[in-house]
1. Please count how many residues of the stretch 63-99 are in a loop (DSSP other than H, G, I, E, B) and touching a helix residue (DSSP H, G or I) at 6+ places or on another chain (Cβ under 8 Å).
2. Conditions first: (1) farther than 24 Å from G20 by Cα; (2) at pLDDT below 95. T86 passes all but one, so which condition is the exception?
3. Quick one: count up the residues across the stretch 78-97 that are over 12 Å from the mean Cα position of the chain (by Cα) and not charged (D, E, K, R).
4. Please work out which residue is surrounded by the fewest Cβ atoms within 10 Å (Cβ to Cβ), limiting yourself to the stretch 22-62 and to residues that are hydrophobic (A, V, I, L, M, F, W, C) and in a helix (DSSP H, G or I).
Amino acid sequence: MYNPAHPSPDRSYVRSARRGKHKIFIGMAPGVGKTYKMLEEAHQLKQEGMDVVVGLLETHGRRETLDKAIGLEVIPKQAIANDGLTLQEMDTEAILVRS
């Protein structure tokens, strides 16, 4: 007889998925340092042995922001053609494959 209180023997072979943590940086205006702070924390976490990847990096032309990403894995943007324009967008599929 089936009893849901008793785990299946097959369950002993199944590990629960590890969950990541999501952190959001909020700023009141452009240029207040959200991206820069995120990259600083990413480097710290990488030094601590965490698997860190940047899914989308918008530097807004700031060389110091681009330099701060050196040494981190950054998923390249995806080129999307639309009505004769080619736009650079976050590559969601590549991020999902990477995860």
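1. Final tally of qualifying residues: 5.
2. Here T86 clears every test but (2).
3. Selection size over the stretch 78-97: 10.
4. L45
The values are calculated or read from the model by the stated rules, or taken from the named source; none is laboratory data. What you see is a predicted model; the values in this text were computed from it and never measured. Positions of Cβ are backbone-derived with ideal geometry, glycine not excepted, and every protein chain shown enters the neighbour counts.
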